[in-house]
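Contents: one structure, followed by commentary.
Nothing in this text is a laboratory measurement; each read-out follows from the coordinates by a stated rule. Remember, predicted model here, so these are calculated numbers, not experimental data. Cβ placement follows ideal geometry from the backbone for every residue including glycine, while neighbour counts extend to all protein chains displayed.
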Amino acid sequence: MDPEGVREIFFAESAVGLEYGVRAAVTSLPYLARIKDSLSKGLHLPLTRKLPKRLDAALQLSPGLHTYDAIVLADIDPTVLDADDLWNLLAYVEAGGGLLLMAGPNAFNRAQRGWGPLDPALPVEITLTPQKRTKLWNEAYRPEEPAVLPVEPAAGHPVLRGVNGPFGQTKCGQECALRHGATALATAGECPLIAAGTYGRGRVMTVAAYPDGLPDSLFASPGWADLLRQGIMWLFGRDSDLAILRCEADRSPIPHGEGRVFALRLDPAAPGPVAARALISMADPGWLAAGREPQYGVPTAVPVAFANHAVGYQFAPPSPGRWKVRMEVKGEGWANAREIEVEVESATGLKLSIRDGRYVTAPGWTLPLRVEAKAPVEVELIPSWDRRRPAPAH
């Protein structure tokens, strides 16, 4: 944490560019947090932002490891770290730091070596698998196609309080075994896909999977977004933040003109007084039509009801589109939030999108569009740069 109370996270990832959702989770925290980015560009190259070699918080404006409230290493092969880094990470965790390790095509059992002195602090045992075979091998190497497995959440850990699914599925789970005393937060088959444990005064989480491109991937699921946000709070050591016992959020499409109630059930023991609010924002339909990630507008604050340790909001969307509802709650010394994305459909369920992802045209080019609807509709396309009104397209 910096002198002004902003949480700081060291986030190192490989240059492969996989999207784990870490930045979105940090942005969605109910208090300020800042990411210090670092990239791994190869096994024989150092991180672009190196891990500090000291354990203290700061010395003459030079940060130490304990400057960071949590350290996240995503798809990082331990080969890019030296022995001092590994021993310092062990000491960082033992002294109360939070560490999150995430798998990838270069990490966990796909890495060139293990975590060495840091290994005893991990909640799982990672089995290294050789990725290359030399010419001494006579048989051809044909890697097996990984199975697609559903991700099943567990229960009984503070991180899972008030976290709802679905959690999607994964085909990139990596082999590991749960250590004694650790807790599996989610499994895929027999693999403890997400695990948590303690070491000394610190905490460690591992995620033995990585984004795989599946349409219902774990990393694109609403359950993952909530679990990762809660996991970061837990790594911070802020157990009091985990005060939401249940989140009642139906994410199925809402017909325009209807409403829906979203509710949070709070722990009665959470220190008060409790303040709550909801923020709603609509995604830019142009970005959605182009097949891009939702880009939400400026959120609007709306009133909520609070009674008997429950917060409720009656969502009545003013127009069709993709909406985000953010519910925030806080009390003395704690805060938490939930974000709910939901589609509001028109009476006909009309959707217009770009068929092949191309959204820039030039003279002589065509713009392929896809129109979806539940009932017959008449669509008239009027380019903003052309004053002529084209014939209706059916």
Using a 7 Å offset from the Cα along the Cα-to-Cβ direction at both residue 39 and residue 155, what is the distance between the two label points in nm, to one decimal? 4.5
A correct Stokes-Einstein calculation for the stretch 183-336, using the alpha-carbon Kirkwood radius, 37 °C and 0.692 mPa s, returns a whole-number D in µm² s⁻¹ of 184
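Can you tell me how much longer the chain between residue 305 and residue 252 gets when fully stretched, taken as 0.36 nm per residue apart minus their C-alpha distance, in nm with one decimal?
Numbers: separation 53, 0.36 × 53 = 19.08 nm, distance 2.25 nm.
Extra length available between residue 305 and residue 252 comes to 16.8 nm.
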At a 10 Å Cβ-Cβ cut-off, how would you order 204, 72, 371, fewest neighbours first? 371, 204, 72
Rounded to the nearest whole number, the Stokes-Einstein translational diffusion coefficient of the stretch 158-201 at 25 °C and 0.890 mPa s (Kirkwood radius, C-alpha pairs) in µm²/s is 207
Assuming 0.36 nm per residue, please report the length gained on full extension of the stretch residue 261 to residue 171 beyond their Cα-Cα distance. 28.9 nm
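Counting pairwise Cα distances across the stretch 165-265, what percent come out greater than 25 angstrom? Can you show the working numbers first?
Details: 1585 of 5050 pairs.
Considering the stretch 165-265, 31 percent of its Cα-Cα pairs are separated by more than 25 Å.
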Kirkwood hydrodynamic radius of the stretch 279-339, from inverse mean 1/r over distinct Cα pairs, in Å: 13.3
Once label points are set 7 Å from the Cα along Cα→Cβ at both residue 371 and residue 32, what is their separation, rounded to one decimal in nm? 5.0
Picking from 173, 115, 45, whose Cα lies most toward the positive end of the charge dipole for the stretch 7-241 (charges on Cβ: Lys, Arg +1; Asp, Glu -1)? 45
Normalise the Debye intensity by I(0) for the stretch 1-134, one equal point scatterer per Cα, no solvent, then take log10 at q = 0.13, 0.15, 0.17 Å⁻¹ and round to two decimals. -0.55, -0.73, -0.94
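Starting from the Kirkwood Rh over alpha-carbon pairs, what translational D in µm² s⁻¹ does the stretch 51-97 have by Stokes-Einstein at 20 °C and 1.002 mPa s?
Numbers: Rh = 11.1 Å.
Translational D for this selection: 193 µm²/s.
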Roughly how many debye, to the nearest 20, is the charge dipole of the stretch 244-345 about its Cα centre, given +1 on each Lys and Arg Cβ, -1 on each Asp and Glu Cβ, and no other charges? 140
